[in-house]
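For reference, the structure is listed below as structure tokens.
The values are calculated or read from the model by the stated rules, or taken from the named source; none is laboratory data. Everything numeric here is computed off the predicted structure, so don't read it as measured data. Reconstructed Cβ throughout: ideal geometry from the backbone, glycine too, with neighbour counts over all protein chains shown. Areas reflect the complete protein model, heavy atoms only, side chains present, ligands, DNA and RNA absent. Shrake-Rupley method; radii C 1.70, N 1.55, O 1.52, S 1.80 Å.
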Amino acid sequence: SKEEGRNRFHFFTQQMQQDAERTAVIHTALRLALDLEAFELNFQPIVSISTGEIVRAEVLLRWKHEGTYISPEHFIPIAESSGLIVEIGQWVRKEAMKALLELQQINLGFGLSINVSMYEFWSHELQDNLVKSIEDIAVDLTTNPFPFESMVIEITESLLMKNNHHSIQSLTKLRDMGLKVAIDDFGTGFSSLSYLSKFPLDQIKIDKSFIQQSDSDIKQQALVTAITTLSQALGLDVVAEGVEIELELDFVKQAGIEFVQGYYFYKPMSKSELKTLIS
Ligand code: C2E
Ligand code: CA
Ligand code: CA
Ligand code: CA
């Protein structure tokens, strides 16, 4: 009825109003967090199946707000929509690059993976900023050549596919610097296996939704095995995300995946914990 329609409309506008207020509040808090350095980095080890060693870690951003940690899944989208992600990203990269040098003092050849927001990958200008900010930090940090080859830039799949030509250019620039490039959350977007050969890549990270449904589904097993075989034939490293239990580890091994990240081995941890672990 008309009445229902009006109520629903009222509900939606109220909801939108609340969302907008919430977004504004979080934006202000994020701005403050940057100024007060209320962000932290966590590190989640990635294990090589064949050697059992930790070869690298993924850098994961943490925001401690009024005593509790807020998930990046909640605040990154807001940082993106307000543009603040550029500064936050810059901060993450600088801290991660410092951490990499520190970790390599203990374990030469150790690597770090960092997440780069879709937003920063979006326009030519931002993408140039991204390359430039990484170069600037490297110059700041050391007079020696920076070990770019030990850094992986993770970019989610959904974004890449939106602009093939531009994405290929951007990825090429990053790789020309010596950085490695990974497709994150592989399989969650409109994946096409042809992307694997079309894009200049070094690694794919198979999304945890594939790994975690793995126990019962034979088709899933076939799919993940095929993706892994193809990727490896193309010279790409394959990482399984979200491995929590032994069953999932077995699945991953059966599929021929070499690198594993997940609670089964390690949860995200502080830098000092990681240092102890790899020394
Ligand atoms: P992601 O890049 O896919 O990161 C992996 C997420 O899976 C992390 O969540 C990690 O804690 C979680 N995870 C790892 N192992 C397991 C497991 O065995 N089981 C389960 N259930 N989860 C596992 P987190 O740290 O909450 O990060 C969420 C997302 O936020 C990330 O997803 C990434 O998209 C984004 N993010 C995190 N840090 C940054 C950052 O510095 N910059 C940007 N742009 N995005 C970030
Ligand atoms: Ca990631
Ligand atoms: Ca992921
Ligand atoms: Ca994700």
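The gain in end-to-end length when the residue 177 to residue 66 segment is fully stretched comes to 36.0 nm, 0.36 nm per residue minus the alpha carbon separation. Computed with a 1.4 Å probe over protein heavy atoms only, the accessible area of residue 250 comes to about 70 Å².
Shown is the FRET efficiency for residue 73 and residue 108, computed with R0 = 51 Å from the Cβ-Cβ distance and rounded to the nearest 0.05: 0.90. Calculated accessible area for the chain comes out at 52 Å² per residue, all protein chains present (probe 1.4 Å; ligands, DNA, RNA ignored). When DSSP beta bridges are limited to those with both residues in the chain, what percentage is antiparallel, rounded to the nearest 5? For the chain, the DSSP antiparallel bridge percentage is about 40. Note that region 230-240 has calculated 3J(HN,Hα) couplings of 5, 4, 5, 5, 8, x, 8, 6, 10, 10, 9 Hz, one per residue in order, obtained from phi through the Karplus relation 6.51 cos²θ - 1.76 cosθ + 1.60 (θ = phi - 60°); glycine and proline are x.
Against the criterion of solvent-accessible heavy-atom surface with a 1.4 angstrom probe, 266, 69, 119, 195 sort, most first, into 69, 119, 266, 195.
Across the alpha-carbon set of the chain, the Rg to Rh ratio works out to 1.00, Rh being the Kirkwood radius.
Computed over region 10-82, the alpha-carbon pair-distance distribution with 10 angstrom bins reads 16, 37, 23, 16, 7, 2, each value a whole percent. The charge dipole of the chain, taken about its Cα centre with unit charges on the Cβ of Lys, Arg, Asp and Glu (plus for the first two, minus for the last two), comes to roughly 280 debye. Between 151, 177, 16, the Gaussian network model of the chain with springs among Cα atoms under 10 angstrom shows the greatest mean-square fluctuation at 16.
Taking 74, 165 and ordering them by how much accessible surface each has at a 1.4 Å probe, largest first, produces 165, 74.
Full extension of the chain segment joining residue 139 with residue 165 gains 6.4 nm, where the gain is 0.36 nm per residue of separation less the Cα-Cα distance.
Between residue 222 and residue 51, the modelled label-to-label distance comes to 3.6 nm, taking each label 7 Å out from Cα in the direction of the beta carbon.
Taking 0.36 nm per residue of separation and subtracting the Cα-Cα distance, full extension of the segment from residue 272 to residue 197 would add 23.2 nm. Think of the chain as having a plus end and a minus end, set by charges on the Cβ of Lys, Arg, Asp and Glu; of 15, 238, 38, 15 sits farthest toward the positive end of this dipole.
When the residues 55, 252 are ordered by accessible surface, computed with a 1.4 Å probe over the protein chains alone, the sequence from largest down reads 55, 252. Specify the inter-centroid distance of region 162-214 and region 23-64, based on alpha-carbon positions, in whole Å. Using only Cα atoms, the two centres lie 21 Å from each other.
Taking Lys and Arg as +1 and Asp and Glu as -1, the other residues whose beta-carbon sits under 11 Å from that of residue 79 total -2.
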